[in-house]
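Contents: one structure, followed by commentary.
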Amino acid sequence: MKKILLLIGIFCIVFKGNAQKLKTSRDSTKIFYDKIFKAFEVAYLYKKDYDWKKLKTETFQNLESAKDFKGSLSEVKVLFEKVNANHSVVSYQEKTYGMKTNIPWDNFSEQWMKKFNAKPKFEAQVLDGKYGYILMPNISSDDFSNEYINKTAQLMYDKIAELKTNNNLEGWIVDLRFNSGGNSAPMLLALYDLLGDNVVWGMLDEDKKRADWTRLNKGAYDQGNKNPSNIKPKGELLDEAKVAVLIGGLTASSGEITALAFKGRVNTVFIGEKTMGKTTSNFIVTLPFGGFMSLSNGYDCDRNKNYYAQIPPDVEISKQDNFEDYMSDQNIKEAIKFFKNKIHNKNDI
C-alpha cells in the first residue's frame, strides 16, 4: 500500500511589476500542472485509457488564458472530467477542485435530510437498554499525522468501549448513512472491537488482481508501516457479536471502506440502500506551493478480494428513517429482527 505522505511547501515571493507577476504566475502554473500530469501518467488507475501527451497539450493551451495562478485552478475540473477522475480532487489553500458529484437528493427521506443538514457528529449510545448504536459520520481533515488519527480514533473507541463494558448488549448497529468519506483509519480503529484482529480491506490493481492489505492488529491500523496509527484497546473483542451495518446513497469513499471492513465478517447484516460507488483507493500526491491531490490508484476490495462498484444491502429499506425516535426507524427495526433471530449468519436470514 502506498504510504500517505503530505509535505507542505511554502511559496513566498515578493512580486515587482506586472510583467514579473505574469511571468511568475505562468511559471507557477506550469510547475503545478506538470506535477499533476506526472502523477496521472504514473499512478492513475485508468492511466492506460488516455493519451496524456494530447491532454497535456490541450490543457496548457487552455491555461494560456488564465489571469493568474489561482485562476488557473479552474482547469483542474476540465481535466478531471476528460479523464473521468470522479474520485480524485486537488486541494489548495483549503479549497478543492475537481469533478462535481451529482447527488439525487430526492432519494432521501425528510428525516434523513433534516439530520444531514444538522451536520451529524459521532454518536455511541444504548437503544432500548439492549442494543449498541454507533453513528459514524465522515471524518475529513488535511491532517494525516498519526497524532491526529490516534487521538480522533481513541476518543470514539473509548465511548464504544464504555458501552461494551457497562452493558450486556444483544447486538450492535453501525450507522454509515451519513458517512461520505474522509480518512478510514480513525473510523476503523474506533470500530476495532467489532472487527477484531483481521484483514479489514484491500486494494486491487487495474486488472483487479493482487491485493495490498490493511489489517487491524492489536489496536494498530497496519498497512505495512513501521509506525502505524493505533488505539489502546480495552477488554474483550466483539468480533463475533451480531452487527447490523446501515448504508445508503451517501455512504461513499472511506464510508464504503468502513462498510467493506464488515463484508465477510460472521453475524453481520447490511441494511438500507446501495452505496454511492466511490470504491476506488486513493493516495496523496504532494503538489507544489502547499497543494496536494488525492488520486485514484486502485480498486477497494473486502477481506475476500471482492470488489463492489456499489455495496448492496442484504435487506433493502428506502426512505423510512427516523432520527427523532430511533426505535421507530425501519432500518433499526430490521436490525433488531436480525439480533433476535437465533440464526447467526447473515446468509441464513
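The values are calculated or read from the model by the stated rules, or taken from the named source; none is laboratory data. Values in this document were obtained by computation on a predicted structure and should not be read as measured data. Here the Cβ is made from the backbone with ideal geometry for all residues, glycine too, and neighbour counts use every protein chain on show. Just so you know, the surface numbers come from the protein's heavy atoms only, side chains and all, with ligands and any DNA or RNA stripped out. Shrake-Rupley method; radii C 1.70, N 1.55, O 1.52, S 1.80 Å.
Taking square-rooted eigenvalues a ≥ b ≥ c of the alpha carbon gyration tensor, is region 153-292 rounded, prolate or oblate, where a/c under 1.5 means rounded and, failing that, a/b exceeding b/c means prolate? Prolate, because a/c is 1.5 or more and a/b exceeds b/c. The share of accessible area on region 169-293 that comes from carbon and sulfur is 43 percent, using a 1.4 angstrom probe. Remark: accessible surface ordering of Thr251, Thr286 (largest first) is Thr286, Thr251, probe radius 1.4 Å. Would you list, by chain and number, the aspartates and glutamates whose Cα falls below 15 Å from the Cα of Lys208, excluding same-chain residues fewer than 8 positions away? Of all the aspartates and glutamates, those that pass the test against Lys208 - Cα under 15 Å, at least 8 places apart if same chain - are Asp300, Asp302. For region 17-96, with all protein chains in place and a probe radius of 1.4 Å, 49% of the accessible heavy-atom surface sits on carbon or sulfur.
How much area per residue is accessible in region 33-91 when the probe is 1.4 Å and only protein heavy atoms are counted (Å²)?
Averaged over the residues of region 33-91, the accessible area is 53 Å².
In the complete set of protein chains, residue-level accessible area for Phe178 is approximately 10 Å², probe 1.4 angstrom. Projected label points at Asn304 and Lys38, each 7 Å from Cα along the beta carbon direction, are separated by 4.3 nanometres.
Shape of region 73-170 from the C-alpha gyration tensor: oblate (a/c of 1.5 or more and a/b not above b/c, with a ≥ b ≥ c the square roots of its eigenvalues).
Solvent-accessible surface of region 198-341, averaged per residue with a 1.4 angstrom probe and all protein chains in place: 39 square angstrom. Once you order the gyration tensor axes a ≥ b ≥ c over the Cα atoms, which shape class does region 180-263 get: rounded for a/c under 1.5, otherwise prolate or oblate by comparing a/b with b/c? Verdict is oblate for region 180-263.
Based on C-alpha pairs under 8 angstrom that are at least 6 apart in sequence, the chain has a relative contact order of 19 percent.
Comparing Leu250, Leu155, Leu238 in a Gaussian network model of the chain where C-alpha atoms under 10 Å apart are linked, the largest mean-square fluctuation is found at Leu155. Placing pseudo-labels 7 Å out from each Cα toward the beta carbon at Met113 and Thr286 gives an inter-label distance of 4.5 nm. Using a probe of 1.4 Å on the protein chains alone, the accessible area found for Asp205 is around 30 Å².
Taking Thr214, Thr152 and ordering them by how much accessible surface each has at a 1.4 Å probe, largest first, produces Thr152, Thr214. Ordered by 1.4 Å accessible area with all protein chains kept, Trp105, Trp201 run largest first as Trp105, Trp201.
When the pairs Lys38/Lys70; Lys119/Lys232; Lys56/Lys209; Lys263/Lys337; Lys38/Lys77 are compared against a 23 Å limit on Cα-Cα distance, Lys119/Lys232; Lys56/Lys209 fall above it.
Annotation: aspartates and glutamates with alpha-carbon distance below 18 angstrom to Lys305 (same-chain offsets under eight excluded): Asp197, Asp205, Glu206, Asp207, Asp212, Asp222, Glu256.
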